[in-house]
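One structure is given below, encoded as structure tokens.
Rule-based calculations on the coordinates, nothing more; no lab input. The structure displayed is predicted, hence computed values, not measured ones. We place every Cβ from the backbone using ideal geometry, glycine too, and count neighbours over all the protein chains shown.
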Amino acid sequence: LPSDGLVIADTFVVLPAGSVSSSSLSVSNTQKGLKEIKLVLGHNGWGTGVHPTTKVCLEFLSDPDIIKGKSLLDFGCGSGILSLAALHMGATRTL
């Protein structure tokens, strides 16, 4: 991931879990209206939003009318990035 996070669909910013919420970066993201998704990163890069398939799914989920009030089955690779994004956009639950 880039050091300042990976912005997807002008809605989400993916950051390493160790990022401090009170940092100027996080304040800047909040001011921009970006929803932060903090992940424990593995060594293979899966589930970070870098892979085109994950990116397309996140772009789809960035439309609040798609998921708001609904349930989502995250059929990803285990990072939970799609579940976290769906909850940010108003999903009632994810699995």
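Here is how the numbers come out for the structure above:
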| read-out | value |
| --- | --- |
| C77 versus S19: modelled label distance in nm, points set 7 Å from Cα along the beta carbon direction | 1.9 |
| Proximal lysines to K38, defined as alpha-carbon separation beneath 18 angstrom and excluding residues fewer than eight positions away on the same chain | K55 |
| Difference of contour (0.36 nm per residue) and Cα-Cα distance, T92 to K68 | 7.9 nm |
